[in-house]
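The values are calculated or read from the model by the stated rules, or taken from the named source; none is laboratory data. Given the structure is predicted, the values throughout are model-derived calculations rather than measurements. When we count neighbours, we look across all protein chains shown, and the Cβ atoms used for this are built from the backbone with ideal geometry, even at glycine. Ligands, DNA and RNA are excluded from the accessible area calculation, which covers all protein heavy atoms including side chains. Shrake-Rupley method; radii C 1.70, N 1.55, O 1.52, S 1.80 Å.
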Amino acid sequence: MTLEEKLAQLVGFWEGEEGDSVAPLQGELSSTGGAGEAMRHGLGQITRAYGTNPVEPDERAAWLWERQRALVTGTRLGIPAIVHEECLTGLAAWKAATFPSPPAWGASFDDALVERMGALIGSSMAALGIHQGLAPVLDVVRDPRWGRTEEAISEDPLLVGSIGTAYVRGLQSAGVDATLKHFAGYSASAAGRNFAPVSMGPRELADTVLPPFEMAVKDGGARAVMHAYTAVDGVPSVADRRLLTVLLRDEWGFDGVVVADYFGVAFLHVLHDVAADLGEAASMALAAGVDVELPTGDAYLGPLAAAVRAGSVPEELVDRSVVRVLAQKERLGLLDRDFAGAPPGGVDLDSPEHRAVARALAEESIVLVSNDGTLPLSPASRVAVIGPNADRAQALFGCYSFVNHVLAQRPGVAMGIEAPTMAAALAARWEAPVTVARGCGVSDPDRSGFDAAVEAARGADVAVIAVGDHAGLFGRGTVGEGCDADSLELPGVQRALVEAVLETGTPVVLVALTGRPYALGWAMERCAAVVQAYFPGEEGGGALAAVLAGDVNPSGRLPITLPRSAGAQPYTYLHSRLGGATEVTHVDPTPAAEFGHGLSYTAFSHEELGVAGPAATDGWIEAEVSVVNTGARAGTEVVQLYGRDVRASLPRPVAQLLAYARVPLAPGESRIVRFRVPTSRLAFSGVDLARVVEPGEVELWTGTSERRRATATVDLVGPVHRLTGEEPRLPVVEVG
């Protein structure tokens, strides 16, 4: 291969339209010219063939087929390109199914359903000639002010890792490579500001941020990784060899490809100010272990070629990445494809099976935060449905949905999928009159709709007020990429709208349709009920109506702590004793509702948490608990097992999730849940930064992170165990 042919395999090509803005600084950074020039020596990847503009899937599949055919017949080596797409909430393509957002995956605590969703997404992608998906996001939430919280699964590393690994398995079962992102530390940017520096030490990185990625690599077999935009402790991730090569490849054994986040290589020059030009940026990223520059070849084509020819970059580094890319293409079967014959067509991207899974995940993810008995609503109730998110389909979707990511910049283009709003779904379900009033917008200060909302509430038996976010990009929303917050109050005048309706005396059910948790303690105190939904997707309106009506018994649990104020941030339930409320400060960070919290329309008891006996520091903790539905309705309890290391060589969290299980129960039914938890779940970085499991007493309980239902203790015995990396990482749970 010539140098130009090698470098061509290490870049993507993005054929967009003028005015596209779906990546940071997209308009400011240069492109590599037209398709013919970009493909002259071959091509590594085709960037977002479906997810940049609203194109008919069948027409685009035919266009893509011809692009691949041109690479096979019109270049000397005849190597097709890998096609990648966004797939965070479903394939980001016009008319494709849109599933709930990642915090909803976490709220479901349902690995199996997320894996099934991933398989459906992967099947749609494979049918359209797409080979690599840019998901899942495995960033552990550290500060909900960060706009990309709506892309993240949870604040708990085990839940992120287990759910994320399930998604990887599902997507890759369809022959599509999953891409783990953002490696690593992005979610801990200062004050939750996008791209801001990350002031995180190696202990927090190792114990909190990295475990989900390790699970997805070792247990999920993830085949691609994308670096983070941020600099951690002063080192940009895109140029961190210790992270991208020593840890990821040498220690974890990853043998896939590392791809750049969009324009991330160039950012070493234009944002981080550590590279004098694009050639030096390319040199730094390639040496660190970034194999493919995306979305285009601004740094890895001309600038890198010049650096190689000048002798400042060894061509062996180029060869190393080319071999990895060709190995990926060989594994995907691309090296043997000639793209002769007819292109694919007639693919149903929003089939009944897609919608069934979207509905099930939406229903399982809705969290009943508080309830004075008003929910479920009486079928005879006159209902006023109020609020900026009550009758707005875009309120159901996250930032990386096609609706909010692309169509927001294409006014007048049809959404392409059916997505009944909550108001429409309630009206279709209800026998009594349903009145709808917008009240106000999501973020604008206009209060002119308050009077109509108040009037609607006065004429109703109950007011359902849907508040929350609009997901968007780079300031075009209240949450999403580049849409960070300095407050956790509801955006705009939404709280004032709720308070105006509360003054009528009509019971208020607050529904938060959001991408991040907001400070809703005041609403929990004053509203009849509070319901949390994290952008529940195309079936979310119907799922919310079903929960409000009692057709579905809510079983979602909070994957992210519901804060009491922004002033307590950053906060996580995984804090040591001095990270909570103490007598040495008058600032109380106690949340409005804790991680793992969620109510039901029935009641459950947890009886006798039994432990098999002492566990070796390099072994397993075995425990079981009996769970009983003591109420009159069928329901699903999410049984969560927590642990606390009572005394350790360093301060440890007051609670740590060790395992979980969804347990469906009929009224009066009881089931036994058996847990086998690897002691590596309790590992931490010791004084010398080696990850260890120490002997000693561990408190165990079921319930939530703060509320204990059934308790026990277990002794870890034996010497201090230094992790080797070969230990099991995921618990084994059996429901009998």
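Numbers at a glance
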| item | result |
| --- | --- |
| Condition met for A119 (under 21 Å from the mean Cα position of the chain (by Cα), on the phi < 0 side of the Ramachandran plot and part of a loop (DSSP other than H, G, I, E, B)) | no |
| Any chance A471 is closer than 25 Å to Q569 by Cα and either surrounded by fewer than 24 Cβ atoms within 10 Å (Cβ to Cβ) or of a type outside the set (D, E) (or both) | yes |
| Boolean, E155 is farther than 29 Å from R722 by Cβ and either at pLDDT below 95 or surrounded by 24 or more Cβ atoms within 10 Å (Cβ to Cβ) (or both) | no |
| Filter result for the condition that a residue is under 18 Å from P103 (Cα atoms) and either more than 18 Å from the chain's Cα centre (by Cα) or in contact (Cβ under 8 Å) with a residue 12 or more places away in the chain (or both), over E251, E155, E214 | E155 |
| Some residue of segment 606-629 being in contact (Cβ under 8 Å) with a residue 40 or more places away in the chain, under 16 Å from N553 (Cβ atoms) and open to solvent by 10 Å² or more (accessible area, probe 1.4 Å) | yes |
| Options V434, V442; residue that is in contact with a His (Cβ under 7 Å, 6 or more places away or on another chain) and of a type in the set (A, V, I, L, M) | V442 |
| Qualifying positions in segment 229-244 - under 19 Å from S321 (Cα atoms) and either open to solvent by less than 10 Å² (accessible area, probe 1.4 Å) or under 20 Å from the mean Cα position of the chain (by Cα) (or both) | S237, V238, L244 |
| G345 being open to solvent by 20 Å² or more (accessible area, probe 1.4 Å) and within 30 Å of A305 (Cβ to Cβ) | no |
| All positions within segment 195-210 that are of a type in the set (A, V, I, L, M, F, W, C), in a helix (DSSP H, G or I) and either open to solvent by less than 30 Å² (accessible area, probe 1.4 Å) or out of contact with any Gly (no Cβ under 8 Å at 6 or more places or on another chain) (or both) | A206, V209 |
| Complete set of residues in segment 140-152 that are open to solvent by less than 10 Å² (accessible area, probe 1.4 Å) and of a type outside the set (S, T, N, Q) | V140, V141, D143, P144, W146, G147, R148, E150, E151, A152 |
| Meets criteria (open to solvent by 20 Å² or more (accessible area, probe 1.4 Å) and on the phi < 0 side of the Ramachandran plot) for S283 | yes |
| Residue tally, condition closer than 17 Å to D240 by Cα, in contact (Cβ under 8 Å) with a residue 60 or more places away in the chain and small (G, A, S), over segment 189-211 | 1 |
| Only one of V55, V83, V72, V114 that is outside any strand (DSSP E or B), on the phi < 0 side of the Ramachandran plot and open to solvent by less than 10 Å² (accessible area, probe 1.4 Å) | V114 |
| From the options P664, P719, P728, P678, residue that is closer than 18 Å to G598 by Cβ, out of contact with any Leu (no Cβ under 7 Å at 6 or more places or on another chain) and touching a residue at least 12 places away in the same chain (Cβ under 8 Å) | P664 |
| Looking only at segment 179-194, and only at residues there that are among the polar types (S, T, N, Q) and in contact with a Gly (Cβ under 9 Å, 6 or more places away or on another chain), the one that is nearest to F474 (Cα to Cα) | N194 |
| Qualifying positions in segment 211-237 - under 12 Å from G185 (Cα atoms) and in a helix (DSSP H, G or I) | P211, P212, F213, S237 |
| Some residue of segment 163-170 being touching a residue at least 60 places away in the same chain (Cβ under 8 Å) and either open to solvent by 20 Å² or more (accessible area, probe 1.4 Å) or not in a helix (DSSP H, G or I) (or both) | no |
| Boolean, A306 is of a type in the set (A, V, I, L, M, F, W, C), at pLDDT 95 or above, over 26 Å from A49 (Cα atoms) and in contact with a Lys or Arg (Cβ under 8 Å, 6 or more places away or on another chain) | no |
| Considering residues of segment 688-706 that are of a type in the set (D, E) and touching a residue at least 12 places away in the same chain (Cβ under 8 Å) only, the residue farthest from L716 (Cα to Cα) | E706 |
